[in-house]
Amino acid sequence: MQDRARVDVSIPFKKNVDLWTDVWALADQGKWELLPEPEKAPVSPAPQRPAAIVRWEAKRQ
């Protein structure tokens, strides 16, 4: 399993709030579950370019 930082919830807070204590209190209230990694979409092949564009691009490079 790879460790990746993901933000699923954003909680606004004030200057005088001890965020760390509040987050742990909220974490104890809920049931945690691991989500499966999303499947990667297959990469589609690049479209065929007209010959004039291929020549122009070759000259440009």
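At a glance:
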| quantity | calculated |
| --- | --- |
| Matching residues, the stretch 19-38, being surrounded by 10 or more Cβ atoms within 10 Å (Cβ to Cβ) and of a type in the set (D, E, K, R) | ASP22 |
| Pairs with Cβ under 9 Å, 6+ apart, first in the stretch 18-39 and more than 13 Å from ASP8 (Cβ to Cβ), second of a type in the set (Phe, Trp, Tyr) and not in a helix (DSSP H, G or I) | LEU19/PHE13; ASP22/PHE13 |
| Pair list, Cβ < 8 Å and 6+ apart or interchain, from the stretch 1-14 residues that are under 13 Å from LEU35 (Cα atoms) to residues that are modelled with pLDDT under 70 and of a type in the set (Phe, Trp, Tyr) | none |
| Residue count, the stretch 9-29 (criterion: part of a helix (DSSP H, G or I) and either modelled with pLDDT under 75 or not hydrophobic (A, V, I, L, M, F, W, C) (or both)) | 4 |
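Rundown of residues vs (1) under 20 Å from the mean Cα position of the chain (by Cα); (2) assigned to a loop (DSSP other than H, G, I, E, B), yes/no style:
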residue: VAL7; (1), (2): yes, yes
residue: LYS31; (1), (2): no, yes
residue: LEU34; (1), (2): yes, yes
residue: GLN48; (1), (2): no, yes
residue: VAL54; (1), (2): no, no
residue: GLU57; (1), (2): no, no
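The values are calculated or read from the model by the stated rules, or taken from the named source; none is laboratory data. Model, not experiment: these values are computed from the prediction. When we count neighbours, we look across all protein chains shown, and the Cβ atoms used for this are built from the backbone with ideal geometry, even at glycine.
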